[in-house]
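Notes for the one structure printed next.
The values are calculated or read from the model by the stated rules, or taken from the named source; none is laboratory data. This is a predicted model, so every value here is computed, not measured. No Cβ is skipped: glycine too gets one built from the backbone with ideal geometry, and neighbour counts run over all protein chains shown.
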Amino acid sequence: MSTRAELPRDPYEVLGVARDADDSQIKKAFRKLARELHPDVNSAETAEEDFKEAAEAYEVLSDPERRATFDRYGWDGLRSGGYAPQDFSGFGSLSDIFDAFFGGGGGGGRGGPMQGGDVGVTVEIDLETAARGAQTEVAYDAIARCERCHGNGAEPGTPIETCPKCQGGGVLQAVTRTPFGQVMRQMECDRCGGDGRIAQTPCGECRGRGRRVQRRTLTVDVPAGIADGQRIRLAGRGHEGERGGPAGDLYVQVHVKEHERFVRDGDDLVTILDLPAPLAALGTTLRVPLLDGAEEVEVPPGTQPGATIVLRGKGMPPLRRGRPGDMRVVVNVVVPRRLSKRQRELLEELAESMVPENMASEESMFSKLRRSIFAS
């Protein structure tokens with residue numbers, strides 16, 4: 001954020017919190033953004049700048065004095081009081097970031113367990129698969145403990161020493177100048193990340209972070225009846241927690257591709273059936289395609305354009321409890337074109353024989369007009 005040419009954005013807007021948000025809400029918002037934006041897990045070109053912006057916003061709002069100054073005087077008040085954002089250009093892994101900002105996970109004290117973040121992936125299936133259910137594989141990146149150093153960040157066989165900068169305390173004293181004077185505050189040690197210990201020889205696999213990004217592949221059960229946009233939660237399959245903390249969850253969002261014949265409406269399926277005008281007048285039997293075969297339906301004489309034939313229970317299965325949806329067949333009465341000479345003669349005979357009673361409808365013109373207006 002601080003590296004951008006334009007004025008910094010409002011830190012409340014950056015973190016997406018209300019101006020009366022408490023410390024836990026601010027911390028939760030930043031942790032969520034950090035997991036989304038950190039270059040370990042986000043390959044977007046703007047990820048690094050966006051992460052720096054979020055980190056500076058948290059740096060302001062997590063400090064009571066800085067927050068009070070910003071609330072009263074804005075960024076000008078902070079700058080005139082001597083505030084300068086930290087240099088985030090050399091930030092490390094998510095583990096490093098969370099240790100630096102939250103002192104080892106928050107709530108559990110230094111070295112306490114910290115829950116891992118959630119991961120989201122998307123899978124695409126067709127309507128037939130959504131109807132019958134299936135198993136599908138998903139691949140995603142997640143932060144996991146380094147197997148080489150078992151998460152302690154040290155090359156196997158090398159010692160872990162007390163941090164010489166904080167003397168094992170994990171915190172440093174810092175003096176901040178504000179419009180109200182100097183304020184003494186504690187901050188996490190930037191050498192050991194608040195742990196109080198450092199590896200003499202950092203692990204060559206994870207560069208001393210104790211954690212690394214790992215590619216995972218899982219088989220996911222997609223239940224029958226699932227709809228486009230719904231999510232499947234797999235507990236404990238997200239980013240691994242730190243220092244014994246529980247892992248986050250994996251959320252699999254399902255995208256159901258559009259079908260060339262059927263449109264889904266809740267658990268109902270809707271399709272259009274073309275019917276020549278003469279058959280609509282005479283009535284007929286037609287074969288209606290379904291997701292798993294076809295079924296014959298009786299089209300009554302005098303069927304009008306837009307009439308709907310309902311096949312009960314022939315739609316999508318319910319995702320949980322309830323009955324299956326229906327198949328709604330909308331009749332599209334087709335007027336024939338490119339008539340032969342004989343066909344034209346027959347239609348002319350039919351037209352000459354028509355009387356007003358043939359065109360009578362049970363619905364008045366006014367009712368039709370109202371239905372047309374409200375339907376649109």
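Some observations on this one:
- Residue in segment 123-134 that is over 24 Å from R216 (Cα atoms), outside any strand (DSSP E or B), over 37 Å from the mean Cα position of the chain (by Cα) and hydrophobic (A, V, I, L, M, F, W, C) present: no
- Single residue of segment 171-224 satisfying the filter (acidic (D, E) and not in a strand (DSSP E or B)) that is modelled with the highest pLDDT: E205
- So H239, is it outside any loop (DSSP other than H, G, I, E, B), not assigned by TED's automatic domain parsing to the domain that holds L350 and not small (G, A, S): no
- The residue that is farthest from L269 (Cα to Cα), counting only those in segment 280-308 that are touching a residue at least 24 places away in the same chain (Cβ under 8 Å) and under 38 Å from the mean Cα position of the chain (by Cα), is G306.
- Any chance A130 is over 28 Å from A247 (Cα atoms), touching a residue at least 60 places away in the same chain (Cβ under 8 Å) and not acidic (D, E): yes
- Note on segment 1-80: enclosed helices (runs of 4 or more DSSP H) holding 2 or more residues that are of a type outside the set (A, V, I, L, M, F, W, C), modelled with pLDDT under 80 and on the phi < 0 side of the Ramachandran plot are 23-37, 64-80.
- Checking each residue of segment 268-279 against the condition of being of a type in the set (S, T, Y), touching a helix residue (DSSP H, G or I) at 6+ places or on another chain (Cβ under 9 Å) and surrounded by 14 or more Cβ atoms within 10 Å (Cβ to Cβ) gives no match.
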